[in-house]
2 protein chains.
Amino acid sequence: MPNPPFMTGVPELLILNLLREREEMYGYEIVAAIGDATGQTVSLKEGVVYPLLHGLEQDGVLKTQRRPANGRTRVYYALTSKGVRRLFELTDEWRRLQRAVTRALGG
Amino acid sequence: MPNPPFMTGVPELLILNLLREREEMYGYEIVAAIGDATGQTVSLKEGVVYPLLHGLEQDGVLKTQRRPANGRTRVYYALTSKGVRRLFELTDEWRRLQRAVTRALGG
DNA sequence: TATATATACCTATCGTAGCTATGTATTTTA
DNA sequence: TAAAATACATAGCTACGATAGGTATATATA
């Protein structure tokens, strides 16, 4: 199964950016929101999003809060200050690379 | 060592695009040209470029020609028709994703 | 009432592909 | 003549997105 091009880091960037906008979201909500935010160009499955969320929490980039909602338990995620910095870094890197490639392609 | 974000597919895209512009290049030349074309934003080592070139030849995306130059043997690479198609596909995909992410980031 | 669908979470396994490090050999420069 | 540049090559590592599958509750439908 060939690896889709250009996707490395994109899930993380999109998740962090969503959490900057919305303050607090739970996993299942994030999955849908990513599709919405990108006009379904990026459509990540739970199998991608959940492990990523766990890793980001482990790294102190996200903090969690378990809260019941509709009789079910949801895990809400929010940015830490480290997460905010990480988002800035990733955004910068994205712009840097995006400019470089566009330049190389469009000379 | 953490994986640099957003790089998946970029080496291939840049190489194919260079070969579209220059018709024919050898590996060592490509390594330097990538740095030039991106203002050193992307700076790939031989360990990245050579295996990639071999793979692309294997896939019929590139064709090679060994020719002596300066008493040394150089391996010259050029696009096949399949390579041209591959370049179009990758360029499309790049633009698609680039637009989607930029939009999600709220440009 | 039974059941299908939506919600909400989770994990295991896999393959790809870029990165580092290292090696060989020749040619050119200091 | 030693060092640097040229030119090729491969081995091993790791990260990470993708697929597939699993659990459980709530709601809509037949």
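Quick look at the values:
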| item | result |
| --- | --- |
| ³J(HN,Hα) computed for each position of the range A:57-63 - Karplus, 6.51 cos²θ - 1.76 cosθ + 1.60, integer Hz, glycine/proline x | 5, 3, 7, x, 8, 10, 10 |
| Viscosity 0.890 mPa s, 25 °C: Kirkwood-radius Stokes-Einstein D of the range B:10-90 over Cα pairs, µm²/s | 194 |
| Peptide B:12-21 - average C-beta neighbours from other chains (10 Å radius) | 2 |
| Under 5 Å, built H, 5+ apart or other chain: amide partners of A:Gly9 | B:Phe6 |
| Within the range A:1-21, backbone nitrogen closer than 15 Å to the virtual label 7 Å beyond the Cα of A:Arg99 toward Cβ | none |
| Environment charge of B:Leu52, counting only residues whose C-beta is closer than 12 Å and scoring Lys/Arg +1, Asp/Glu -1 | -3 |
| Integer Hz, Karplus 6.51/-1.76/1.60 couplings in order for the range A:20-37, x for Gly and Pro | 6, 6, 9, 6, 8, 8, 9, x, 4, 5, 4, 3, 5, 5, 5, x, 4, 5 |
| Whichever lysines have a C-alpha closer than 18 Å to that of B:Lys82, once near sequence neighbours (fewer than 8 apart) are set aside | B:Lys63 |
| Excluding exposed DSSP-loop GluC sites (Glu not before Pro) (at most 14 other C-beta within 10 Å), longest clean stretch of chain A | A:25-107 |
| Relative contact order for chain A, counting Cα pairs under 8 Å that sit 6 or more residues apart, in percent | 26 |
| Residues A:Thr73, B:Thr41 arranged by fewest to most Cβ contacts within 10 Å | A:Thr73, B:Thr41 |
| Gaussian network model of chain B, Cα within-10 Å springs - most flexible of B:Ala37, B:Ala69, B:Ala78 | B:Ala69 |
| Diffusion coefficient, µm² s⁻¹, Stokes-Einstein with Kirkwood Rh over alpha-carbon pairs of the protein assembly as shown at 4 °C and 1.567 mPa s | 68 |
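None of the figures in this text is laboratory data; all of them are computed from the coordinates on show. Predicted model, so just to flag it, every value in this text is computed and none were measured. Cβ coordinates were reconstructed from backbone atoms using ideal geometry, including for glycine residues, and neighbour counts include every protein chain displayed.
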